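Take a look at the structure set out below.
The values are calculated or read from the model by the stated rules, or taken from the named source; none is laboratory data. The structure displayed is predicted, hence computed values, not measured ones. Here the Cβ is made from the backbone with ideal geometry for all residues, glycine too, and neighbour counts use every protein chain on show. Please note that ligands, DNA and RNA were not included when accessible areas were found on the heavy atoms of the full protein model with its side chains. Shrake-Rupley method; radii C 1.70, N 1.55, O 1.52, S 1.80 Å.
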Amino acid sequence: MKGITITNSKTNSSTVYGVIEKVAGNASNIDGGTVGLSNSVVRNSIQGIWARTNQANMFVNEIYSNYTRVIIGQRNSVNIRFSTTRDNNIGVSVVGPGGIVTMQSHNIRNNDEFNVVIVGAGTRKVTASGTWWATVGKAKIEGQLWHSTHDGSRSTMDLEPIASEPVLGAP
């Protein structure tokens, strides 16, 4: 089964109330344009969402049980809000040196290796304010992340403020 592929850098597209599942490759392969994904489920695929777009807005989604997860490519802006990323190998992987990644009011938990990994050197701005990590201790949360605290050449995540309970409104 094939997922959704968007490759035109001038295209604006949206998926609303979608279920993307059991894909043997990318469930959602976004390589251009401005993309919206909302009120959708991405599950049971080899790779969940691979965003290499100018702008991606992902709101009120549930992303789970994928071998890999949400992968955010270089030099773009990605907003993930009121969503849940759970039970993947890695929850969110931020690749490349540029762009802004905002995970706000997001539940991210129970991912096997790490909840968030920042790959490669750079000064990318990565914010995860108001995110629920299934724990409240900053030291425990840091143990679920791979960023500048493990390798000084990687970008740093701003975790503050940390949600003290699961985010209501996120699936």
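Shown here are the Rg and Dmax of the Cα trace of the chain, at 14.6, 43 Å. Measuring r between the beta carbons of Ser14 and Glu142 and using R0 = 25 Å, the FRET efficiency lands at 0.10. Length gained on full extension, Thr135 to Ser153, computed as 0.36 nm times the residue gap minus the Cα-Cα distance: 3.8 nm. Under a GNM of the chain (C-alpha, springs under 10 Å), which listed residue has the highest mean-square fluctuation: Gly48, Gly122, Gly152? Of Gly48, Gly122, Gly152, the most mobile in the Gaussian network model is Gly152.
With no solvent and one equal point scatterer placed on each C-alpha of segment 98-138, evaluate the Debye formula and give log10 I(q)/I(0) for q = 0.15 Å⁻¹, two decimals. At q = 0.15 Å⁻¹ the computed log10 ratios are -0.42. Full extension of the chain between Ser65 and Ile46 yields a length gain of 5.9 nm, computed as 0.36 nm times the residue separation minus the alpha carbon distance. Once the mean of 1/r is taken over each pair of separate Cα atoms and inverted, segment 71-171 shows a Kirkwood hydrodynamic radius of 13.2 Å.
For Trp50, the solvent-accessible surface computed with a 1.4 Å probe is close to 60 Å², ligands and nucleic acids excluded.
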